[in-house]
Amino acid sequence: MAMNYNAKDEVDGGPPCPPGGTAKTRRPDNTAFKQQRLPAWQPILTAGTVLPTFFIIGLIFIPIGIGIFVTSNNIREIEIDYTGTEPSSPCNKCLSPDVTPCICTINFTLEKSFEGNVFMYYGLSNFYQNHRRYVKSRDDSQLNGDPSALLNPSKECEPYRRNEDKPIAPCGAIANSMFNDTLELFLISNESDPTPVPIPLKKKGIAWWTDKNVKFRNPPGGENLEERFKGTTKPVNWLKPVYMLDSDIDNSGFVNEDFIVWMRTAALPTFRKLYRLIERKNDLHPTLPAGRYYLNITYNYPVHSFDGRKRMILSTISWMGGKNPFLGIAYIAIGSISFLLGVVLLVINHKYRNNSNTADITI
Amino acid sequence: MWRWVRQQLGFDPPHQSDTRTIYIANRFPQNGLYTPQKFIDNRIISSKYTVWNFVPKNLFEQFRRVANFYFLIIFLVQLMIDTPTSPITSGLPLFFVITVTAIKQGYEDWLRHNSDNEVNGAPVYVVRSGGLVKTRSKNIRVGDIVRIAKDEIFPADLVLLSSDRLDGSCHVTTASLDGETNLKTHVAVPETAVLQTVANLDTLVAVIECQQPEADLYRFMGRMIITQQMEEIVRPLGPESLLLRGARLKNTKEIFGVAVYTGMETKMALNYKSKSQKRSAVEKSMNTFLIIYLIILISEAIISTILKYTWQAEEKWDEPWYNQKTEHQRNSSKILRFISDFLAFLVLYNFIIPISLYVTVEMQKFLGSFFIGWDLDLYHEESDQKAQVNTSDLNEELGQIKEHDLFFKAVSLCHTVQISSVQTDGIGDGPWQSSLAPSQLEYYASSPDEKALVEAAARIGIVFVGNTEETMEVKILGKLERYKLLHVLEFDSDRRRMSVIVQAPSGERFLFAKGAESSILPKCIGGEIEKTRIHVDEFALKGLRTLCVAYRQFTSKEYEVIDRRLFEARTALQQREEKLADVFHYIEKDLILLGATAVEDRLQDKVRETIEALRMAGIKVWVLTGDKHETAVSVSLSCGHFHRTMNILELTNQKSDSECAEQLRQLARRITEDHVIQHGLVVDGTSLSLALREHEKLFMEVCRNCSAVLCCRMAPLQKAKVIRLIKISPEKPITLAVGDGANDVSMIQEAHVGIGIMGKEGRQAARNSDYAIARFKFLSKLLFVHGHFYYIRIATLVQYFFYKNVCFITPQFLYQFYCLFSQQTLYDSVYLTLYNICFTSLPILIYSLLEQHIDPHILQNKPTLYRDISKNRLLSIKTFLYWTILGFSHAFIFFFGSYFLIGKDASLLGNGQMFGNWTFGTLVFTVMVITVTVKMALETHFWTWINHLVTWGSIIFYFVFSLFYGGILWPFLGSQNMYFVFIQLLSSGSAWFAIILMVVTCLFLDVMKKVFDRQLHPTSTEKAQLTETNSSIKCVDSLCCFPEGETTCASVRRMLERVIGRCSPTHISRSWSASDPFYTNDRSILTLSTMDSSTC
């Protein structure tokens, strides 16, 4: 369908009228834009312009890298695996599903004391929270307290949407598989006194503030949480319904922080989630002094079916987060390479200039 | 279906018979036996769409594009099966692209509708039922008698019935049809010419029989059967009685004509049909790249699917306790699941095919082509002509020209014609003025030669005063003489001559003939033939256009025979042309030679420089001309196409095949024997056709080894054939054809890029070209500056698009390895959707409109830079691979950088809280948007405020948008995955450090490659950039201003440098030779370049 014919040609086509016939010329405007003469900065990436940049990058990156690396190294972190697959492990007994509830205790020693706030994480391995079927198996409207979504959860929650003809609250695979081990920490303060001192673990402040206060909301209704969740049933794998997650009403139902933390699906199959906070008492005493500790585990969460591991991590923190030497090392590496290349370039540039100088002279 | 559509639009009208019978004023015979033929109405439809069919038809046309269709399929797949991204992610960009294109096309069609309406609704006067009726143009029927007043345009193809003059003649200009500016005389048959009033016309009973519509403007055959007093008179009708739609009535008060062809069947409408689409080399490589990416896409999808099923073989990965399948998923058939998994991966990775590439390229071409029209350097003050872009699809092709053919007249434009000599001009040149319009003092002639001759004759005292009716008046030295014009034997290219038969005041009848010397001299039996031949050759050597003039005297007996035979031939319905040719042949013999004339064609200014520049740019120049051998060679020498130092080889006057082959072989041998000298080849039309018939390969071989080729005595179609031959030769060069005349049109359309010169010889070439310029010298700016820029721009545009989509999708692919190939997306769907249409679209578009990697003056003064981009170098597979690999490595850096940062599963926040998978994706995405934008910034050499605005604006927009998008719980959205994710990410110090680190690392690779390339083996373009700004290097060397003062110092010096560099000849020629040692052996070129630059 090539119809390039334009009827307009008929009207005003043809060559220009005889000179003098029209006053209007077709002279294009002499503007900077139309003449492509806009004022412009014209940088060129030559060795000359790049050289200083390389040195500067080197000079900036290396100190930053060292700083980050040192910061990261000052962070104390201890990781205790309590999966119990090894026969020697105290938690080995809990692998069989018969023992319920199964409580096991693991001893560990802190060589150095942990100063400042200490954060207690649980870590899972080989657990694919990022599986597509899993990630989308939730209903954000329900979690936001929407009454209609509460009783009629999204189809994405299948097959964890209804149980025995009642809607599940909270629905979906993520909620259903919520981590339910209980971890407790005891300090054996001195050898003479064997009674362990429990370390106070704070449940609040482990979830993002916005999640806790905006994104997650209990359904509206009466004072009683149980009433608000009327007509729903608990997730299949849960022992208790959602409104009994905690005795504190501000931390129960959908706004339970352990639940919220779990609901933020991890990016990778090996992940940590914040479990508890151990707040610094005062400046005089370290939060966790060096010494022997008990970790008391109520072992509920099965991971051996998919070769998973469970860990408990205690970590202090800096302004930039937990212990992660990668960033510091990367900065130092890139900085050094940059500096090195700067030197190489300087040499090459020098040589090249000499050559071209002679070339210039010969002509 | 297609045929039906075409028929609806007025093409392919069903032809029942070979002739159409038209009853004038639609007075059908009364006997009732006759069924009138049906004709279409006079509506002109140039628009494609109507309000009703716009949506379906436009959609249909858009989805015929492979890329759009592909995205439509992806979109449908997303609608049908369970895919990782919502249909919106591909539906929205597709919708965007389709809408933008539809708006553009709809707007263009609206303009066409408007002009259609204007044309169809124009008022016309039609004779109906004895009176003059005012009606609209579209209501004219075949057979209607139409009245046209002075300076009006004919609304349909009319057969002239009568004019206000007694002889029934009128003058028209067909400038808008074929571009010829002269006035043409049309005549009515004598029987109708007397019917000058409406009342008289009403008594006319006549039938016109003529051929069915055809596109040839100059062919019309028919006859008029007039019934007068029960007697039928048959009159022949030829093109001289047909007034074409689109032509304009001049110098005549009014005419009456009967419509024979209407609407889409008019010759004008038929002529504007089908221009074949030209595709640029860039588009071809773009399609290659698309195919490569499609292969990458499909293989990624296949790999993912296979790996997915390998993993899933184990129950614990396929369906762990925490992540059960639904009954439905469990029960669906395995094959179906496999296919739907494959499709899901396809959908997940489909963004690797850049959806907005086409729309961006289209916008770039559309907007970019304005700059050509706007360019003041391409504006010709005297003729008030600016450059025209007829096809914006080829801008970048201007940067790719390898071969270059120009028709010679292009160079030798005619507005400075001078007569150099009129030899032995005895009787005066009355005859030649037969085709002149008498109205003004100024002469209008159908060819500049005629005009020049008449003017020159006037200068020596033989003034052509004018012709009234059938006589012509010539004032010879003040004395008026009247010649009666009896017959005109029109010019045609086979005879290459024209003649007139006139009756002198004394009553003698003469035939005067003028034509090419080869067509006149053999016919001569008397006169100073030998002397004239020598003169003609001399003139030709000087580059003049020569004509020979001869006459013949008739006895009255001879004349009667001639008169009768001419009449018979002219009224014949069948084979009229052949019969006429026979008669002409019979008449034009036994001539007595009068003499010869020569007309000098002045070359346009700077032709020589332009041709030199073209050659230096690595473009092979061929000259194709209809001129004779000697003229062509001498003009070639004068315009620099041939050098004095060149070894000129000739392949002319070949009579037979074998002779031609032998000559070719000999030439080939000569070329190999002395290859030091440059060779030029001269071929003439007849030898060329011989050479092309049997020895194409050998001929092309010889041509390739010659630096200049000149083909003379070429017919228009031969020119096109030469181009086709070059196009299909093994090197597959890109060809450019330049021409100005109607005879160059076929060549212009055949070449990859056709350039028309808007000359006095008409605008047909300009109209059929892809680009039209006013002067030949503008070619150098068009090619070396605009062509170079457009090529660089679009090449980078295409490469960048592929690059940024590799960056975009590869992390997605890598992520599958960490999520059990479950097709989990890394980025949120809104980011997926907006990446190409918002976050990264503008910088590249602006770059592709404004980029000037090097100063235009340098480009124009150093044509050799053009070699840097020849052979589609920036879109070669090597460059493409570089960009693709760069894309992949950047993607690896984003992904694994983020992986090591987050994947070490330590907290990144100062309060110990953890990030999830969406934060991870957002981190990758943020790094990507910044890197991809800054990468564009690295490519940009020309930073105007607009570039700054869009580059930094894009990044800022991304941040602002993300803050906004993540700051609200969006109602109506199913999931709130991104709620506060971006803000949390930005509140992490580590994330900031990581972003900076990753961006720097990514660009590090690229900067290194650029710098080392430039340092170790710079292209001449890069060297030229350096000369432009070499101050900055000196700056570092002396360390005078290192590091903080460097920028200011450099900018000042750069400015100085530019001021000096542009206008000092010594400087430029020095830098020239320094950067092009390759050319130093060629003295002549070097000196020229110095000359050239000093003119600035």
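Screening B:981, B:999 for residues that are in contact with a Phe, Trp or Tyr (Cβ under 6 Å, 6 or more places away or on another chain), crowded, with 17+ Cβ neighbours inside 10 Å and β-branched (Val, Ile, Thr) leaves exactly one candidate, B:981.
Scanning the stretch A:121-130 for residues being touching a helix residue (DSSP H, G or I) at 6+ places or on another chain (Cβ under 9 Å) and within 8 Å of chain B (Cβ to nearest Cβ) gives a total of 4. The residue that is nearest to residue A:120 (Cα to Cα), counting only those in the stretch A:263-319 that are buried (at least 18 other Cβ atoms within 10 Å of the Cβ) and among the basic types (Lys, Arg), is A:276.
All of (1) in contact with a Pro (Cβ under 6 Å, 6 or more places away or on another chain); (2) on the phi > 0 side of the Ramachandran plot hold for residue B:130 with one exception: (1). Within the stretch B:207-254, the set of residues being farther than 24 Å from residue B:487 by Cα, of a type in the set (Val, Ile, Thr) and in contact (Cβ under 8 Å) with a residue 40 or more places away in the chain comprises B:207, B:208. Only one of the numbered conditions (1) part of a loop (DSSP other than H, G, I, E, B); (2) of a type outside the set (Lys, Arg); (3) at pLDDT below 90 is not met by residue A:357, and that is (1).
Yes or no, residue by residue, for (1) at pLDDT 80 or above; (2) more than 30 Å from residue B:514 (Cβ to Cβ):
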{"position": "B:628", "(1), (2)": "no, no"}
{"position": "B:634", "(1), (2)": "no, no"}
{"position": "B:643", "(1), (2)": "no, yes"}
{"position": "B:669", "(1), (2)": "yes, yes"}
{"position": "B:672", "(1), (2)": "no, yes"}
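Within the stretch B:346-369, being hydrophobic (A, V, I, L, M, F, W, C) and out of contact with any Leu (no Cβ under 9 Å at 6 or more places or on another chain) holds for B:347, B:348, B:359, B:366. Being assigned to a loop (DSSP other than H, G, I, E, B), charged (D, E, K, R) and touching a residue at least 40 places away in the same chain (Cβ under 8 Å) holds for only one residue in B:167, B:116, B:109, and it is B:167. Among the residues making up the stretch B:42-65, those that are closer than 23 Å to residue B:88 by Cβ and in a helix (DSSP H, G or I) are B:55, B:58, B:59, B:62, B:63. Do we find that residue A:71 is assigned to a helix (DSSP H, G or I) and modelled with pLDDT under 85 in this structure? So residue A:71 fails the test.
Scan the stretch B:314-336 residue by residue and report those that are out of contact with any Phe, Trp or Tyr (no Cβ under 9 Å at 6 or more places or on another chain) and either of a type in the set (Phe, Trp, Tyr) or away from every other protein chain (no Cβ under 14 Å) (or both). Passing the criteria: B:333, B:334, B:335, B:336. A single entry from B:841, B:898, B:889, B:876 fulfils the requirement of being buried (at least 24 other Cβ atoms within 10 Å of the Cβ) and among the small types (Gly, Ala, Ser): B:898. Could you tell me whether any residue of the stretch A:299-309 is polar (S, T, N, Q), at the interface with another protein chain (Cβ under 10 Å from one of its Cβ atoms) and part of a helix (DSSP H, G or I)? Looking for residues that are polar (S, T, N, Q), at the interface with another protein chain (Cβ under 10 Å from one of its Cβ atoms) and part of a helix (DSSP H, G or I), one finds at least one in the stretch A:299-309, hence yes. Residues satisfying the criterion are absent from the stretch B:726-737 (criterion: farther than 20 Å from residue B:655 by Cα, out of contact with any Phe, Trp or Tyr (no Cβ under 9 Å at 6 or more places or on another chain), part of a helix (DSSP H, G or I) and at pLDDT below 75). With respect to (1) within 21 Å of residue B:159 (Cβ to Cβ); (2) touching a residue at least 60 places away in the same chain (Cβ under 8 Å), the lone exception for residue B:96 is condition (1).
Note on the stretch B:481-528: residues that are among the β-branched types (Val, Ile, Thr) and touching a Gly at 6+ places or on another chain (Cβ under 8 Å) total 1.
One line per residue, one yes/no per condition, for (1) within 14 Å of chain A (Cβ to nearest Cβ); (2) in contact with a Lys or Arg (Cβ under 8 Å, 6 or more places away or on another chain); (3) in a helix (DSSP H, G or I); (4) at pLDDT below 85:
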position	(1), (2), (3), (4)
B:338	no, no, yes, no
B:341	yes, yes, yes, no
B:346	no, no, yes, no
B:349	no, no, yes, no
B:359	no, no, yes, yes
B:362	no, yes, yes, yes
B:365	no, no, yes, yes
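Consider the stretch A:135-162 and keep the residues that are assigned to a helix (DSSP H, G or I) and among the acidic types (Asp, Glu). The one that is nearest to residue A:262 (Cα to Cα) is A:140. Entry remark, the stretch A:25-42: residues being crowded, with 16+ Cβ neighbours inside 10 Å and more than 7 Å from every other protein chain (Cβ to nearest Cβ) number 0 in total. Where strands (runs of 3 or more DSSP E) fall entirely within the stretch B:187-259, those with at least 3 residues that are within 20 Å of residue B:164 (Cβ to Cβ) are at B:248-250.
For beta carbons closer than 8 Å, sequence separation of 6+ or different chains, a first residue in the stretch A:174-192 that is outside the structural domain of residue A:132 (by the TED database) and without any contact (Cβ under 8 Å) to a residue 60 or more places away in the chain and a second that is in a helix (DSSP H, G or I) and aromatic (Phe, Trp, Tyr), there are no qualifying pairs. Within the stretch A:212-271, the set of residues being among the aliphatic types (A, V, I, L, M), touching a Gly at 6+ places or on another chain (Cβ under 7 Å) and within 21 Å of residue A:158 (Cα to Cα) comprises A:242, A:266. Residues in the stretch A:140-155 that are under 21 Å from the mean Cα position of the chain (by Cα) and within 8 Å of chain B (Cβ to nearest Cβ): A:140 only. Count of the stretch B:517-564 residues, restricted to those that are in a helix (DSSP H, G or I) and of a type outside the set (Lys, Arg), is 24. Meeting the requirement of 3 or more residues that are of a type outside the set (Lys, Arg) and more than 14 Å from chain B (Cβ to nearest Cβ), the helices (runs of 4 or more DSSP H) wholly within the stretch A:173-287 are A:225-228.
Among the residues of the stretch B:726-744, which ones are farther than 21 Å from residue B:671 by Cα and surrounded by 18 or more Cβ atoms within 10 Å (Cβ to Cβ)? Within the stretch B:726-744, B:733, B:734, B:735, B:736, B:737, B:738, B:739, B:740, B:741, B:742, B:743, B:744 qualify.
The values are calculated or read from the model by the stated rules, or taken from the named source; none is laboratory data. Values in this document were obtained by computation on a predicted structure and should not be read as measured data. In this analysis, Cβ positions are derived from the backbone assuming ideal geometry, glycine residues included, and neighbour counts consider all displayed protein chains.
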